[in-house]
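Q: Questions regarding the structure given below will be posed in turn.
The values are calculated or read from the model by the stated rules, or taken from the named source; none is laboratory data. Values in this document were obtained by computation on a predicted structure and should not be read as measured data. Here Cβ is always computed from backbone atoms with ideal geometry, including for glycine, and neighbour counts include all displayed protein chains. The accessibility values were calculated without ligands, DNA or RNA, using every heavy atom of the protein model including side chains. Shrake-Rupley method; radii C 1.70, N 1.55, O 1.52, S 1.80 Å.
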Amino acid sequence: MSLPGYAENERFEDVALSDADLEGAEFEGCRFERCRFDSVRFRRCRFEDCDFVDCDFVTCKWPESGLREVRFEGGRLMGIDWTGVRPFGLDLRFTGCRMDHSVFYELPLAGARFERCRLREVDFSHADLSRAVFADSDLGGASLRHANLTGADLSTARGALVEPGTCTLKNTRVAVDAVLPVLAALGLDCPELRALAGGA
């Protein structure tokens with residue numbers, strides 16, 4: 001099954017595309033379930049108020065595509081280069097997704113939500129993550145260098161390396177284990193915090 005050039009309030013199930021180009025397609029209020037988009041290039045496409053449930057997007061690209069009020073639930077979104085998406089109106093939500101090795105470099109992700117996601121080795125460098133929420137997500141090895149984390153909530157995230165001087169921090173919520181490496185780098189030790197983090 002292929003995808004049409006335009007669809008509104010439709011449901012797509014078990015669509016499988018591989019190493020394909022989808023150009024200029026527009027989808028509004030659509031729901032995609034159990035679809036596979038491996039190495040697909042979404043060129044100048046538009047997705048608005050759409051849901052992707054248990055869909056795979058391995059090593060996909062989104063050159064000049066618009067994603068507004070788009071929600072991803074479950075599925076593998078690994079190795080995706082998101083940097084080509086149109087920044088205007090970008091609005092994304094991820095729940096229970098595996099997103100290792102993806103790239104969000106310099107993207108405006110203010111208010112984005114990542115819930116129960118695996119985000120290992122993801123590149124968020126120079127991204128605007130103000131007010132973003134990383135709820136119960138794994139950020140092991142992820143790069144947050146020069147990211148704007150103003151008002152971001154990483155208090156339940158694991159593996160987040162937040163370094164003062166390398167990113168913008170203001171009213172940023174972090175877990176205790178994220179604070180310990182910062183203190184150590186400053187030559188400080190706080191046994192009470194180590195105890196809270198489960199350390200010796």
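Q: Positive end of the charge dipole of the chain (Lys, Arg +1 and Asp, Glu -1 on Cβ, about the Cα centre): tell me which of Ser130, Cys117, Phe37 has its Cα farthest that way.
A: Of the candidates, Ser130 comes out farthest on the positive side.
Q: Would you please state which residues of the stretch 137-175 a label at Ala184 would reach in this model, taking the label point 7 Å out along Cα→Cβ and a backbone N cut-off of under 19 Å?
A: Of the residues in the stretch 137-175, 139-145, 157-166, 174-175 have backbone N under 19 Å from the label point off Ala184.
Q: Once Lys and Arg get +1 and Asp and Glu get -1 on their Cβ, which of Leu107, Pro4, Gly24 lies farthest toward the positive end of the dipole of the chain?
A: Leu107
Q: Further question on the same structure: Using +1 on the beta carbon of Lys and Arg, -1 on that of Asp and Glu, and nothing else charged, what's the dipole of the chain about the Cα centre, debye to 20? Write out the running numbers ahead of the final one.
A: Working: 25 positive and 34 negative charges, 92 e Å.
In total the dipole reaches around 440 debye.
Q: Pop out the Kirkwood hydrodynamic radius of the stretch 1-75 from its pairwise C-alpha distances, inverse of mean 1/r, in Å to one decimal.
A: After inverting the pairwise mean of 1/r, the radius is 12.0 Å.
Q: Please state, to two decimals, what the Cα-based radius of gyration of the chain comes to when divided by 2.2 N^0.38 Å (N = residues).
A: The chain yields a ratio of 1.10.
Q: Cα centroid distance between the stretch 113-163 and the stretch 1-68, in Å?
A: 26 Å
Q: Let me ask something additional. Semi-axes of the equivalent ellipsoid of the stretch 111-152: what are they in whole Å, largest first, if each equals the square root of 5 times a C-alpha gyration tensor eigenvalue?
A: One finds semi-axes of 15, 14, 6 Å for the stretch 111-152.
Q: Can you give the accessible area per residue of the chain, in Å², using a 1.4 Å probe?
A: 49 Å²
Q: Quick check: convex hull over the Cα atoms of the stretch 34-123, volume per residue in Å³, rounded to an integer?
A: So the per-residue Cα hull volume is 75 Å³.
Q: Quick one: pull the percent of accessible area on the chain belonging to carbon and sulfur, 1.4 Å probe, ligands and nucleic acids left out.
A: With neighbouring chains kept in place, the figure for the chain is 47 percent.
Q: Excluding Ala16 itself, what net charge comes from residues whose Cβ is under 12 Å from its Cβ, given Lys and Arg +1 and Asp and Glu -1?
A: Every neighbour counted, the sum reads -3.
Q: Take the Cβ-Cβ distance between Glu69 and Arg116 as r, set R0 to 22 Å, and report the resulting FRET efficiency rounded to the nearest 0.05.
A: Given R0 = 22 Å and the Cβ-Cβ separation, E is 0.65.
Q: Let me ask something else about it. Once you order the gyration tensor axes a ≥ b ≥ c over the Cα atoms, which shape class does the stretch 75-176 get: rounded for a/c under 1.5, otherwise prolate or oblate by comparing a/b with b/c?
A: Because its axes are fairly even, with a/c under 1.5, the stretch 75-176 counts as rounded.
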